[in-house]
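The values are calculated or read from the model by the stated rules, or taken from the named source; none is laboratory data. The shown structure was predicted, so the numbers you read here are calculated from the model rather than taken from an experiment. Cβ atoms come from the backbone with ideal geometry, glycine included; neighbour counts cover every protein chain shown. What goes into the accessible areas is simple: the full protein's heavy atoms, side chains included, and nothing from ligands, DNA or RNA. Shrake-Rupley method; radii C 1.70, N 1.55, O 1.52, S 1.80 Å.
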Amino acid sequence: MYFDMKALTGEQRSKLVHSTVVPRPIAWVSSCNASGAVNVAPFSFFNVMSGDPPLLCLCIGSRAGEPKDTARNIIDRGEFVVNLVSENMAGRMAITSIDFEAGLNEAQEAELEMLPSQQVAVPRIGSSPCSMECKVRQLIDIDGVRTFVLADIVGVHLCDEAVTDVSKMFIDPLPMALIGRLHSPGWYCKVSADFQLPTPSPLQWQALKDQGQAQDLLSWQAPVQTSSGGQDVERN
């Protein structure tokens with residue numbers, strides 16, 4: 001089925017995108033206003049854009065035509081923290097997504113322990129398995145409705161269980177027990193299984209074809225759950 005985006009309403013376009021680009025990682029963003037009051041809110045229009053330099057982006061909508069607290073804080077202070085969400089923190093994350101009145105401290109409502117960061121003046125969520133301290137590189141206003149944030153990751157707090165070899169920077173994501181965002185209303189998934197599928201070199205691919213084994217890769221299916229053990233299986 002083909003959808004012409006121009007023929008759809010805004011709500012229909014949003015539903016289509018939300019329900020197909022899945023799962024999405026969740027940026028549980030902590031930020032501060034000019035007086036230092038803490039705000040915490042989750043956003044799933046988020047991802048990393050580069051490993052070196054380490055960059056991430058997120059897109060923040062508006063409320064009744066006005067920037068949300070998170071967007072306003074990031075615009076005013078130029079820094080924030082992206083905290084990733086583990087399974088056991090999902091309920092607290094849901095509390096921080098409630099459309100509270102501006103200025104209310106979501107961290108207190110969700111009983112979150114906020115800890116100091118190293119390079120930004122914004123606290124991080126202590127129970128998050130991974131917290132990324134960020135400084136704004138660029139802000140883009142999208143039709144006066146959304147704010148697109150491109151930021152440098154200047155520091156990362158990572159739970160010890162995920163670090164299998166610090167000298168080689170081998171990281172196993174499974175111990176973080178992260179969740180991802182699916183479609184509305186309120187559907188999520190667990191990041192609880194991984195598999196390894198190395199990319200062959202041009203010579204290896206030609207050899208597979210010459211040996212009549214190309215179909216094995218063309219019809220490849222994911223195996224029963226395995227674990228990378230934090231090995232260096234991705235280099236992009």
**Study point:** Failed item, numbered, when Met1 is tested on (1) open to solvent by 20 Å² or more (accessible area, probe 1.4 Å); (2) over 19 Å from Pro185 (Cβ atoms); (3) in a strand (DSSP E or B)
**Key:** (3)
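Do we have Val145 as touching a Gly at 6+ places or on another chain (Cβ under 8 Å), under 24 Å from Arg63 (Cα atoms), in contact (Cβ under 8 Å) with a residue 12 or more places away in the chain and not charged (D, E, K, R) here?
Numbers: touching a Gly at 6+ places or on another chain (Cβ under 8 Å): yes; under 24 Å from Arg63 (Cα atoms): yes; in contact (Cβ under 8 Å) with a residue 12 or more places away in the chain: yes; not charged (D, E, K, R): yes.
Against the criterion (touching a Gly at 6+ places or on another chain (Cβ under 8 Å), under 24 Å from Arg63 (Cα atoms), in contact (Cβ under 8 Å) with a residue 12 or more places away in the chain and not charged (D, E, K, R)), Val145 qualifies.
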Review point. Taking into account only those residues within the stretch 163-197 that are in contact with a Pro (Cβ under 8 Å, 6 or more places away or on another chain), more than 15 Å from Gly91 (Cα to Cα) and part of a loop (DSSP other than H, G, I, E, B), which is modelled with the highest pLDDT?
Key: Leu182
Review point. Checking Lys135 against (1) more than 19 Å from Leu58 (Cα to Cα); (2) in contact with an Asp or Glu (Cβ under 7 Å, 6 or more places away or on another chain), which test does it fail?
Key: (1)
Practice item. Kindly provide the set of residues from the stretch 88-107 that are surrounded by 11 or more Cβ atoms within 10 Å (Cβ to Cβ) and either under 22 Å from Asp76 (Cα atoms) or in contact with a Gly (Cβ under 8 Å, 6 or more places away or on another chain) (or both), ordered by number. Key: Ala94, Thr96, Ser97, Phe100, Ala102, Leu104, Asn105, Glu106, Ala107
Check your understanding: In the stretch 163-194, which residues are touching a residue at least 60 places away in the same chain (Cβ under 8 Å), within 29 Å of Ile60 (Cα to Cα) and open to solvent by 60 Å² or more (accessible area, probe 1.4 Å)?
Key -> His183, Ser184, Tyr188, Lys190, Val191
**Study point:** the stretch 122-148: number of residues that are closer than 29 Å to Gly65 by Cβ and either at pLDDT below 95 or touching a Cys at 6+ places or on another chain (Cβ under 8 Å) (or both)
**Key:** 9
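Sort out for me the strands (runs of 3 or more DSSP E) sitting completely within the stretch 14-69 that have 1 or more residues that are of a type in the set (S, T, N, Q) and surrounded by fewer than 20 Cβ atoms within 10 Å (Cβ to Cβ). I'd like the intermediate steps shown before the answer.
Numbers: elements: 27-32, 38-43, 46-51, 54-60.
In the stretch 14-69, the matching strands (runs of 3 or more DSSP E) lie at 46-51.
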Check your understanding: Of these, Ser44, Ser131, Ser86, Ser97, which one is more than 17 Å from Arg181 (Cα to Cα) and either of a type in the set (Phe, Trp, Tyr) or touching a strand residue (DSSP E or B) at 6+ places or on another chain (Cβ under 8 Å) (or both)?
Key -> Ser131
Revision key, fill the gap. Reported set for the stretch 198-236 where residues are modelled with pLDDT under 90 and either closer than 25 Å to Ser50 by Cα or surrounded by 13 or more Cβ atoms within 10 Å (Cβ to Cβ) (or both) is Ser227, Ser228, Gly229, Gly230, Gln231, Asp232, Val233, Glu234, Arg235, Asn236
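Would you confirm whether or not the stretch 92-99 contains a residue that is among the charged types (D, E, K, R), over 16 Å from Val40 (Cα atoms) and assigned to a helix (DSSP H, G or I)? It would help to see each step written out before you state the result.
Residues of the stretch 92-99 among the charged types (D, E, K, R): 92, 99.
Subset that is over 16 Å from Val40 (Cα atoms): none.
No, the stretch 92-99 contains no residue that is among the charged types (D, E, K, R), over 16 Å from Val40 (Cα atoms) and assigned to a helix (DSSP H, G or I).
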Revision key, fill the gap. Over the stretch 62-100, the set of residues within 15 Å of Ile26 (Cα to Cα) and at pLDDT below 95 is Thr70, Ser97
Point to revise | Complete set of residues in the stretch 108-162 that are more than 22 Å from Val191 (Cα to Cα), in a loop (DSSP other than H, G, I, E, B) and open to solvent by less than 60 Å² (accessible area, probe 1.4 Å) | key: Ala110, Leu112, Ser117, Val120, Val122, Pro123, Gly144
